[in-house]
Structures are given as C-alpha cells and as structure tokens.
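Taking it in order: structure first as structure tokens, then the write-up.
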Amino acid sequence: MQTLWFIILISAICLEGLGRRYLPGIPPVAFYFFKDVVLLVGYLRFRPAAPIRRTMRYLFRGFEVFWIGGFFWTTIELFNPAHQSFVLGLIGMRAYWFWWLAPAVIAGVLQNRKQKERAIYALLTMAIGVAVLAAVQFASPADSNINLYSIQDGEEVYAADMATVASTGRARVSSTFTFLSGFVAFTLAVPALLLSLGLDSQNPRLRKLALAATLATAAVIPMSGSRGAVVLGAAVLLLTMWTAGLLFTRVGRRVLMGAIVAVVLSVIAFPDALLGVQSRFDNAEETAGRFKEVANLIPPVALIALDYPMLGIGTGMQQNGRSSFRISTNWDTESELGRYLVELGPIGFLFCWMAKFGLMVALLRSYSILKRAGRRGSSGAALSYAAMTMVGNLTFDHNWQALYFMGCGFVLAEVVDVLRGTVPAATGFALPVPPRPEIPSPALGGLAQRADEPASNMT
C-alpha cells in the first residue's frame, strides 16, 4: 500500500505535463491539484508516528515561532483591502504551507527497508524516463509534436513559442513537466538524492541503478538551457560526493570518471546543449541580473533594493495562476523573495524567510547527525538540500516545492532511523548521537557502509 501511494505521488509530481498535453479533455487544474490530493490521502492514511513528529520538532527547534507567525500573517493577508480573490488566496495558503506535511508522511512510509528500496526504484525509474524524453525533445525541432508544452484554452503551446536558445534554435526542454522550470527543479533535486540513496543502499543492484540514473539525469541538465541549473547542479553533485567521502576513495574516483564520461558523451551527442548554455553566459547584462537576484536573497538587501507595498496586497496575489482569474495588479515580480514582499509586506516576508531559513538549519542538523552515525550518503543529501533551500523556489514553483519536500522526507527517514528511541518528548535534547559501526563493502571498493545493527540507546 505504501509503495503504491509513493508511486502515485511521484507520478503526480512528474507526469503532470504529459497529462496536460495529451489529455486535453481533463481541466489542467485537475492535474495541478492531483498531487495535493495524493499527499492529503497519504497524511490521513499513514499518520506520522510520534517519533517522527518529535524528530521534526527537534530538528526545527527555535524556528517554530516564525512558522506560526508566517501562517498567522498569511491568514491575515487573505483579508487585505487590496486582495481581489479569496479563492486565489486559498491557493496561496496552499502554496505557502501545505507541502510542509510531506516530509513527515514520506518518512513514515520509508521506515520499512523494503518500502524504502521500492520507493528508490520508483524514483530512479522516473529519473531515467525524464532523462530519455528530455534527450528526445532536445534532438527534435522546437516546433515538433514532442516539444508540445501544454494546451491552454484550446491552443497548443510549443517550445518554439515559449522557450528556445537564441544561439542554437534548440528547445529548452521540459520533458514530462509542463514548463522547463519543472524540468530544472527535477534535474537539481533528484540527482543528488539518487546519488546519496545509492551510496547508502546495501543492495548492490539498487546501488548501481541509482548511480546510473544519477549520471543520466545529470547529463541532460544543459538541455534546459538554464545557467543556474548547470552551475548549481554541478555544485550540488560535487558537494554530495565530497560529503560522502567519494572524492577520497577508489569508488569515488570511479563515479567521478563515470560522470566525466557521461558529460563527454552528452556533449558529443548533443553539442548544442552546452553551446546554448555557454551563449547565455555571454549575455553579460542578463547574467549580471541573475547575480543581482542572488544578492537579494539576503533580507536587508531585499528590503532596500526591491519595490513593494508596506502592507502587501494579499496572500496568493502573486501566484502564477492569477491570470486564470483575470486579475492584474500594479506589482509584478519574478523572484520568490520579491513575491513575498509584494504579497505580505516586510513583516510577512521576514516570517516566511526565517521559516525557510529554519528548514536549512534543520537539514544542517540532519547532516551532522547522519555524518556522526556513519550515514555518509544520507548526510550528503542533507547537506545538498540545505544548500538548495534558500535559492529554491519553495512557494511559487509547485514542482520545485513538491520535489524538495519529497527529498526532505527521505532525509528525515534516515534521521528518524538513527535517533530511534533516543529523542525524548522534552525539547531540550542535545545529547551526541553515537556512531553506528561500519563495515567495508567490496561492491563499493572499500567505501564504508553502515551495519544493520540498530544504534544503541543513549543513557
């Protein structure tokens, strides 16, 4: 039952674009909300156990007040005088807070080793499918049927109409997603997760398939035409490998060489992919604008540099779906932090930014726990997701949001396993986590793997 639920969830997240393209008789909004329905069913069917809830509170400790404050403020902003649609406001509330449920649900589903392996199989199968379709799309003309983005109001929208690389004329592919932003989110969030899960797996077959899926997914990143995806994707994978100790082991060198070979083959087969990304770096003005957006991630800079109304214009008023409600405003911005400021004003912005920062801190705490416990691969996933937290569009990109919180669920499952029986109900837990025994694995060329014995309880 848990495996089937996870397969439906990952399918709902990743196959939304295919549904919109090839099932035009079904309203697009149904595909948009289907993954939310699946998550809600999972929450009601697999209620997170007490150890999972306690571990979440422990990891997120110190930031609960900002989450509560953010929830309270976004609720107040539903009644902002400038708000134009209560329904759009409810969609905004869903965007801000609903997917915070996902890590606890997924962690509960993955507590059984068999269930976890099946979930990884489902994820890596999806990754290979996404990579193969991306390669086919990139090799095809931008106006071909395979590069159909979606059907909006009965009109077919192709990559040629929406997103091509000017220097090559190639489509910026979306694979199974509706638009390229979903594909970019997938190529950033999934390879690091698959690499980490593969390294920690005790199943040699699963380990090899996860590594293969990682390389396949990483190889198609340049086909998005996104400079940020290439830079951040490479940095995240290297960070994962370094944290897992791969850069200092024989198997690590093999993985690195495999990655280099995969990149070389990708460039040989699709030279326009790298050329397209390189040409976009040559646009100095646009590149400088992207670096400026990164600078705006710091609250004091954002509060000074960005334009926004002091009281905001209401929760949900910067949602992409507002065009469907025939709503227009005098405020329009692309960056997530800019949208926080426009919707919620500076007070709500600070609440939401701090809650997001709390996620990063929770992942860093997870990294520390997993590293001390000998979970090298999982600690790499925690650190990589921590690095992606503040630059990721967790509120206004539903694909990034779902994939990010899904990955956090995998990390949380590992932390719960390590801390099982050691986190008391009191919030002052600060005892060190005992490392688990490690045994050499011939299949990994000597890379240490954890033993099956449970961690001893702390006294």
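Against the condition free of Cβ contacts under 8 Å to residues at least 12 places away in the same chain and surrounded by fewer than 19 Cβ atoms within 10 Å (Cβ to Cβ), how does F71 come out, does it pass? No.
Answer with yes or no whether G374 is modelled with pLDDT under 90, in a loop (DSSP other than H, G, I, E, B) and farther than 17 Å from W99 by Cα. Here the answer is yes, as G374 does meet what is asked.
For A216, the requirement of being at pLDDT 80 or above, assigned to a helix (DSSP H, G or I) and either open to solvent by 20 Å² or more (accessible area, probe 1.4 Å) or on the phi > 0 side of the Ramachandran plot (or both) is met. Of all positions in region 151-160, none carries a residue that is of a type in the set (G, A, S), part of a helix (DSSP H, G or I), modelled with pLDDT of 90 or more and in contact with a helix residue (DSSP H, G or I) (Cβ under 6 Å, 6 or more places away or on another chain). Taking first residues from region 384-408 that are open to solvent by 10 Å² or more (accessible area, probe 1.4 Å) and partners that are modelled with pLDDT of 95 or more and assigned to a loop (DSSP other than H, G, I, E, B), no Cβ contact under 7 Å between residues at least 6 apart in sequence or on separate chains turns up.
Take the conditions of a type in the set (S, T, Y), open to solvent by less than 10 Å² (accessible area, probe 1.4 Å) and at pLDDT 90 or above and apply them to Y367. Does it pass? Criteria not met by Y367. Against the test of being without any contact (Cβ under 8 Å) to a residue 40 or more places away in the chain, assigned to a helix (DSSP H, G or I) and buried (at least 16 other Cβ atoms within 10 Å of the Cβ), the options G42, G19 yield a single qualifying residue, G19. Could you please let me know if A12 is at pLDDT below 95, of a type in the set (A, V, I, L, M, F, W, C), under 26 Å from Q318 (Cα atoms) and assigned to a helix (DSSP H, G or I)? Answer is no for this residue.
The values are calculated or read from the model by the stated rules, or taken from the named source; none is laboratory data. This is a predicted model, so every value here is computed, not measured. Note that each Cβ is placed from the backbone with ideal geometry, even for glycine, and that neighbours are counted across all protein chains shown. Keep in mind that these areas ignore ligands, DNA and RNA; they rest on the heavy atoms of the full protein, side chains included. Shrake-Rupley method; radii C 1.70, N 1.55, O 1.52, S 1.80 Å.
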